[in-house]
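Worksheet for the structure shown next.
The values are calculated or read from the model by the stated rules, or taken from the named source; none is laboratory data. Predicted model only: the values in this text are computed from it and were never measured. Here the Cβ positions follow ideal geometry from the backbone for every residue, glycine too, while neighbour counts run over all protein chains shown. These area figures cover heavy atoms from the full protein model, side chains too; ligands, DNA and RNA do not enter into them. Shrake-Rupley method; radii C 1.70, N 1.55, O 1.52, S 1.80 Å.
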Amino acid sequence: MDFWKLMDIVHKKQEIMNPMSDEKLKRLCRLLDLKQGASVLDIACGKGEFLVRLHELYKIQGIGVDKSPYCIKDCLKKKAERAPDSDLTFLEMDAADYQPNSVESFDLASCMGASWIYDGHEGALKALSSMTKPGGLIVAGEPYWRKEPVDEYLAAEEESKDTFGTYMENVETGEDMGLRCIYTLDSTLDDWDQYESLHWWAVNEYIRDNPDDPDNHEIRKQCDRFKEIYLKWGRDTMGWAIYVFRKPESSN
Ligand SMILES: C[S@@+](CC[C@H](N)C(=O)[O-])C[C@H]1O[C@@H](n2cnc3c(N)ncnc32)[C@H](O)[C@@H]1O
């Protein structure tokens, strides 16, 4: 079945498509303390919640890029409802192909939950940094290992251990390339349970409301698989954090 449709159904009950709580995202948006009219790029912007919140606080100029047609439709609806006069643009495209008009042009560049676009956390930080002004901010949302992943978990996820670092390694990766980590936000187990189990609820509701959808068998199968992996291994092993880095004012 269409992958973007599956992701849309799974995230139906969520505006933030990562395990960070609403309260913590609010805290982050306030702490960023951007200048009015600051320019922000959000790679893999999901339903546009981060950009719309930043517009509400700072009237930013924002660009959101996402490959999912469902997400971009949600972004445009949200813009019409909550930010009709905003300078927010949403682009439906593979973010790997996104090129800004000029290099080092954004006050803030972010990518939360899609670093694979740039082959992982290090690549994402490099790409975001190349699009951020000197002295600007980079916001990266990235999984981390809470403990050593067992082989069965890695096999089920079709991941290798090297795909992610530890909490500390995710900070060091940025600092080793000259960025300064100035803040981190960690998701608790409760935040994770909220994120994962709302997927189960959304899928259950979708199948009840759409009993004739020929994709239902596949939707349930995928949802059951994600659920089992989370309950067996992910809940104890995988963390999630948002890291805020400051790019140096100059390369000297
Ligand atoms: C885990 S979600 C995070 C969404 C958003 N950043 C948030 O935190 O609410 C991952 C997002 O990446 C998007 N995505 C996946 N592959 C992409 C690609 N190649 N280019 C752009 N967006 C992509 C998905 O559509 C989805 O919205």
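Can you tell me, using C-alpha contacts under 8 Å and at least 6 residues apart, the relative contact order of the stretch 47-93 as a whole percent?
Values: 66 pairs, mean separation 23.3, N = 47.
The value is 50 percent.
Would you calculate, for the chain, the mean residue ellipticity at 222 nm contributed by helices, counting each DSSP H stretch of 4 or more residues as -39,500 (n - 2.57) and dividing by all residues, to the nearest 500? Let's see the in-between values first.
Details: 9 runs with 106 residues, N = 252.
Mean residue ellipticity, 222 nm, calculated: -13000 deg cm²/dmol.
Given 4 °C and 1.567 mPa s, compute D for the stretch 1-142 with the Stokes-Einstein relation, Rh being the Kirkwood radius over Cα pairs; round to the nearest whole µm²/s.
Values: Rh = 15.1 Å.
D = 86 µm²/s.
Using the heavy atoms of the protein chains and a 1.4 angstrom probe, tell me the accessible area per residue for the chain in square angstrom. Don't jump to the answer; show the numbers that get you there.
Values: 12860 Å² over 252 residues.
In whole numbers, the chain has 51 Å² accessible per residue.
Rank VAL52, LEU41, GLN222 by how far each Cα sits towards the positive end of the charge dipole of the chain (+1 on Lys, Arg Cβ; -1 on Asp, Glu Cβ) and give me just the farthest.
The residue sitting most towards the positive pole is VAL52.
As a test of the definition: which semi-axes, in Å, follow for the chain when you take the square root of five times each eigenvalue of its alpha carbon gyration tensor? Largest first, please. Don't skip to the answer; put the middle values down first.
Values: eigenvalues 174, 109, 48 Å².
Listed largest to smallest, the semi-axes of the chain are 29, 23, 15 Å.
Considering the zone a paramagnetic label at ALA96 would reach in this model (a point 7 Å from Cα along the Cα-to-Cβ line), which residues of the stretch 108-123 have amide N under 16 Å from it?
Only 114-123 pass the distance filter.
Compute, for LEU137, the solvent-accessible surface of its heavy atoms (probe 1.4 Å) with the complete set of protein chains present, and express it in square angstrom to the nearest 10.
10
Please list, short to long, the whole-number percent of alpha-carbon pairs of the stretch 162-246 in consecutive 5 angstrom bins beginning at zero.
3, 12, 18, 15, 14, 11, 11, 7, 5, 3, 1
If one takes the longest principal axis of the Cα atoms in the chain, at what angle in degrees, from 0 to 90 and to the nearest 10, does the Cα axis of helix 216-229 lie?
70
Ignoring ligands, DNA and RNA, please state the percent of accessible area on the chain from carbon and sulfur, probe 1.4 Å.
Details: 6330 of 12860 Å².
Ligands and nucleic acids excluded, carbon and sulfur reach 49 percent.
Which of these, SER160, SER86, SER68, has the largest mean-square fluctuation under a Gaussian network model of the chain (Cα springs below 10 Å)?
Of SER160, SER86, SER68, the most mobile in the Gaussian network model is SER160.
Provide the percentage of antiparallel DSSP beta bridges, counting only those with both residues in the chain; round to the nearest 5. Write down the numbers at each step before the final one.
Values: 15 of 36 bridges.
Rounded to the nearest five, the antiparallel share is 40 percent.
Calculate log10 I(q)/I(0) of the stretch 1-64 for q = 0.12, 0.23 Å⁻¹, where I(q) comes from the Debye formula with a single equal point scatterer on each Cα and nothing for solvent.
-0.34, -0.98
Over the heavy atoms of ASP193, what accessible area does a 1.4 Å probe trace out, to the nearest 10 Å²?
Only protein atoms counted, so the area is about 40 Å².
Considering only C-alpha atoms, what is the centroid distance from the stretch 218-236 to the stretch 70-110, in Å?
With the stretch 218-236 and the stretch 70-110 each reduced to a Cα centre, they are spaced 31 Å.
Assigning unit charges at the beta carbon (Lys, Arg +1; Asp, Glu -1) and nothing else, what dipole magnitude in debye, to the nearest 20, does the chain show about its Cα centre? Intermediate values should be presented prior to the final figure.
Working: 32 positive and 48 negative charges, 181 e Å.
In debye, rounded to 20, the chain gives about 860.
Where does the Debye-calculated log10 I(q)/I(0) of the stretch 111-194 sit at q = 0.12, 0.13, 0.18, 0.24 Å⁻¹, using only Cα point scatterers of equal weight, no solvent?
So the normalised log intensities work out to -0.39, -0.46, -0.84, -1.31.
Given a cut-off of under 8 Å on Cα pairs at least six residues apart, what relative contact order in percent is computed for the stretch 118-250?
Averaging sequence separation for qualifying contacts and normalising by length gives 49 percent for the stretch 118-250.
Which of the lysines could be linked to LYS227 by a straight reach, that is with a Cα gap under 28 Å, when you skip same-chain ones fewer than 8 residues away?
Within the straight-line limit of under 28 Å, LYS227 reaches these lysines: LYS5, LYS12, LYS13, LYS24, LYS26, LYS47, LYS67, LYS73, LYS147, LYS161.
With every protein chain in place, what's the accessible area of PHE106 (1.4 Å probe, Å², nearest 10)?
Spelled out: PHE106, probe radius 1.4 Å, area about 20 Å².
What is the projected area of the convex hull of the Cα atoms of the stretch 68-164, averaged over all directions, in nm²? Write down the numbers at each step before the final one.
Values: hull surface 33.3 nm².
Reported value for the Cα convex hull: 8.3 nm².
Percent of Cα-Cα pairs per 10 Å bin, from 0 to the last occupied bin, for the stretch 46-104, please list those.
Result returned by the calculation: 24, 52, 23, 0.
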